[in-house]
Amino acid sequence: LRHTTPPVPPPPLRHISSPAIPPPPEHRRTRPPRCHHRLPLLCPCRLPHTLLLGAFATRSVFELLWVGSTLYALGRPLQAALGRVGFAALYVGAGVAASLVCMLARRSSSGHGGLLGVCAYHALLLPRARQSIMGIEMGSKPALAAQIAIASQGAFQGDRPLPILAANLAPCLVAAAAFAAHARRSFLTS
């Protein structure tokens, strides 16, 4: 008689999608390097490109045409008053302010910030000027209100209204501050 030991069953086969098997290294999600700053949300190493590009982002071709046509209409009188560099600084500064508010509210930037800053400065500089929005002619202050309403349409549809309104009013505050500085400078030199 031979004495035999019972055979050892082979280990069970694991399916490739089993959680016990880690995915290959190229498929692993890599974490971004940990920020050493005190406020990782406002980390200076992440801000420049996101804030600047958020100032120029649009969601649709309609928005791109709307922003472009409004800037074309308001650009000439504002460039005459501010100069090209001043106009570009106003547009970028207002856009970065809107992007910063959007980043703090953790929502995507819409790209309307620069446009709203330019419209607000135009309404302060030339309050009696006429402006056409989508074929409707109106004064510059009602036109600014219409531009803010168009930019804030997500807030009117129930999509977290406070961050949207804050992001659309921040560029107006930047434009008001720029206008006050420009008016003070003009007053002191005359």
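The values are calculated or read from the model by the stated rules, or taken from the named source; none is laboratory data. These figures come from a predicted structure and were not determined experimentally. Please note that ligands, DNA and RNA were not included when accessible areas were found on the heavy atoms of the full protein model with its side chains. Shrake-Rupley method; radii C 1.70, N 1.55, O 1.52, S 1.80 Å.
Some points to look at:
- Accessible surface ranking that places the most exposed of 128, 185 first, with a 1.4 angstrom probe: 128, 185
- The heavy atoms of residue 150 present about 40 square angstrom of accessible area, all protein chains included, probe 1.4 Å.
- Shape of the range 131-182 from the C-alpha gyration tensor: oblate (a/c of 1.5 or more and a/b not above b/c, with a ≥ b ≥ c the square roots of its eigenvalues).
- Where 63, 137 fall by accessible area, highest first, once all protein chains stay in place (1.4 Å): 137, 63
- Only protein heavy atoms count here; under a 1.4 Å probe, residue 182 has an accessible surface of about 40 Å².
- With DNA, RNA and ligands ignored, accessible area of residue 152 (1.4 Å probe; Å², nearest 10): 0
- Solvent-accessible area per residue, Å², over the range 94-136 with all protein chains present [probe radius 1.4 Å]: 41
- Per-residue accessible area (protein heavy atoms, 1.4 Å probe) orders 62, 187 as 187, 62, starting from the largest.
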